[in-house]
Amino acid sequence: EEDFQRFLRRVDDITNLVHGLNSTDPTVKEKTIGETEKRLHDQETSKEEENKTMVNRTVINTQASDMANAEAVNADAFLAILEKDAKERAKRRKRNEHIANALKEKGNDAFRKGHYVIAIQRYTEGLEKLKDKQELYTNRAQAYLKMHEYEKAIGDCEWALKCNEKCIKAYFLMGKAHLALKHYSESRQCYEKILQIDLQKESLFKDCMNEVNLEEKKKKDEERAMKEVQSGKLAALSIKELLQKLDRPDQNILYYTGGIRLLAGAVKDCTEQTLFRTNNGFSILQDNEVVRRGFCAERKNTAEVDLSVTLLFLWQAVCAGNEENQRLLLTHPDVNAQLPKLLSCGISEIQQETLALISLYSENENGRRLLVRHQDLTKWLQILMMFVNSTDARASSAMNILSDLTKAERFKTQCRVRLSTDVLPLFTQLLTSVKLVNQAALAHCIGIMGNLCADVVIRMQMAKCKECWQACLKLVDERFDVGTPKYQDCLFAVLGLMMNLLLESNVIIQDFAVEISGSCMSLLRDKDGRIVTRAIGVLSRILPASSLAVEEVVKGGVVKKMIKFLKAGGEITSNYGIKTLSICTRSNRQAQEDLVKSDKGFHVLLKLLDSEDEMIVGNTAFCLGQCLVVPGAATSLLNSNVVMVLLKHAGGDATRTSVQENAAIALGKLCIAEPRHIFQLRKLNGLAILNSSMKYVHS
């Protein structure tokens, strides 16, 4: 928009100058010529600066004697500039239009396959290339409708109408969105616009208006029925009497919905829960065909939706904290079969109450045991993960359920079945759509996948997935465009996931090692300490996979950066940092020299040798031993207590034998590099200690 406005201002300026050059007023013409020559001079100067050319190839004669010739030349020059600029913009627009059309086709393909999030992403990318392409707005609005994102659909339709005020598709989709939101008046106005634009659309107009009238009538009928139920004798009946009334087969669906709502309100404690069970309350589905048909309908109308929501609300009331009722409900054939379908139905009200009901089970061990025993949970990871696309409370509810289910080992086992075929493609799609999804839910979802990596089979499958690594790296790279606090949570979670996956070793990891380590190096500048710590953690696990990755990070100054972080302290950061240094110094001479130069007198490493963490001590001793081959390194330690410290660890009783081994080797290298350390070694009876440590040395 800014570029376009700037272009229009330039066109206006040039037009004014051309008019001035053609003016009959000599004063105006002379002033215009001066401005024209100044602009040409400024333009040439600007070009020279851009090309960094030291030679001035254009000389502007500001003292031209023939004003008439100057007028003609300058007018032609500006017209040529204007024409050239217009051609360049037309060429650029044509190129962008080609890209936008290709993205539109990719979006259409994804839409046909039911991959609405990907479709939205492709249409959005197309609009970034061509902001005034009406088809992209209407297509994205249609995808938003499928995702039940009605407000966003309306917004896109409004943009489409700015591009083309007679776009029938935009009015049609906007009418659908308003109808879904129960904005009946606005929906009618949209459909009326269609008829105003094209009288031949009268049949479509009538169908749309009938749909609006029908939905509005259903809402009024429901409200009237509810008033009758609430004002009648039903409201004063007991649970037993309410169940008997609901057993009547001669009533409409609105009657049953109202009665079930009253029944749910009557269940307030365990006594009423028991009465519901002992009076065969759970048989309401099998004994009442109207209720059963409405609850099990594949494509529910408004009345059936309300019935289902009310039933779910009732079951929450009767099952809360009641294990026996929970068992009876979950073993009911219709309920057992319908739960995954209700989660996938796409109707937000039903999904919200279904999630609330399942939460009653997932939040305690006995409930999880019932779910695992009576439900086929192989699809649940994929179904619940889909809610990351939701912008409302459904997303957090679904992630909380998933988090609870991962505590059950049998759930992890069932997750293996569809992980590669169904779950990982969806998961990678969510990672690459971080700008479009619920970022708080995505961060939670990534954390859940990281927890599932505790299962070796799941971790191996994920670590072998090339697309998964690509998606993780893409999310890391998005920090330049997103940078919100919720995105930072996603970044933190994905780095944790990568650390878990790097417990595996395979060819795919080796192929990505350089790219992963490069991304982590760039994260070391992040202001968020959590991100920096995990980036160092990923480095400590990816570098052993590739010597080329080690070379690249050493060239990038990793040693100096690690020393800086080690000086700052922090046990977790120190653990990852010293491990990274030990990997780099193991085989890279440049890393060894960089460490000696960055840590003068090995003050940082000596401090780490006093740590209570055996992992830190073992890696520090190893790192020190590698660096003693650098000339002068051992000599710089003559006035330190390094011999005593290493002897303490070499002869100590650390659980990790690598501590004794690395300390003994470092001490031996120290004395070889600088024999004067032997005097201190003998003084401390170190030869005997070293001799006893030889049992730990493998090579």
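The values are calculated or read from the model by the stated rules, or taken from the named source; none is laboratory data. Computed from a prediction, not measured in an experiment: that's the story for all the values here. Because the Cβ atoms are built from the backbone with ideal geometry, glycine has one as well, and the counts that use them run over all protein chains shown. Just the protein is used for accessible areas: all its heavy atoms, side chains included, with ligands, DNA and RNA removed. Shrake-Rupley method; radii C 1.70, N 1.55, O 1.52, S 1.80 Å.
Here are a few things to note about the model shown:
- For region 92-213, the fraction of C-alpha pairs more than 25 angstrom apart is 25%.
- Three-way shape call for the chain based on the alpha-carbon gyration tensor, with the a/c threshold at 1.5: oblate
- Net charge, Leu275 excluded, C-beta distance under 14 Å - Lys, Arg +1, Asp, Glu -1: -1
- Per-residue ³J(HN,Hα) for region 33-38, Karplus 6.51 cos²θ - 1.76 cosθ + 1.60, θ = phi - 60°, Hz, x for Gly and Pro: 4, x, 5, 4, 5, 5
- Accessible surface of region 119-222 [probe 1.4 Å, protein heavy atoms]: carbon and sulfur percent: 47
- Sequence-distant lysines (8 or more away, or on other chains) whose Cα lies within less than 19 Å of Lys240: Lys268
- Projected label points at Arg676 and Arg410, each 7 Å from Cα along the beta carbon direction, are separated by 7.2 nanometres.
- Difference of contour (0.36 nm per residue) and Cα-Cα distance, Thr271 to Glu192: 22.9 nm
- Solvent-accessible ranking of Asp109, Asp207, Asp528, largest area first, probe 1.4 Å: Asp207, Asp109, Asp528
- Contour minus Cα-Cα distance for Leu638 and Leu503 (0.36 nm per residue): 44.6 nm
- Evaluated at q = 0.09, 0.14, 0.17 Å⁻¹: base-10 log I(q)/I(0), Debye formula over Cα of region 545-699: -0.26, -0.63, -0.94
- To the nearest 10, the accessible area of Cys163 is 50 Å² with a 1.4 Å probe.
- Entries of Lys162/Lys300; Lys106/Lys162; Lys129/Lys560; Lys133/Lys220; Lys193/Lys220; Lys466/Lys486 with Cα pairs more than 32 Å apart: Lys162/Lys300; Lys129/Lys560; Lys133/Lys220
- Here the simple spin-label model places points 7 Å from the Cα toward Cβ, and for Leu687 and Glu97 these points are separated by 9.0 nm.
- Going by accessible surface with a 1.4 Å probe and the largest first, Thr271, Thr36 read Thr271, Thr36.
- Solvent-accessible surface (1.4 angstrom probe) belonging to Glu128, in square angstrom, nearest 10: 120
- Label-to-label distance, nm, for residues given as Thr27 and Lys466 (7 Å Cα→Cβ offset): 7.6
- Solvent-accessible surface (1.4 Å probe) assigned to Asp12 amounts to roughly 90 Å².
- Computed from phi, the 3J(HN,Hα) profile of region 533-541 under the Karplus parametrisation 6.51, -1.76, 1.60 (θ = phi - 60°) reads 4, 6, 4, 5, x, 5, 4, 5, 9 Hz, with x in place of Gly and Pro.
- P(r) tail fraction, region 247-293 - alpha-carbon pairs more than 12 Å apart, %: 64
- Taking every alpha-carbon pair under 8 Å whose residues sit at least 6 apart, the chain reaches a relative contact order of 5 percent.
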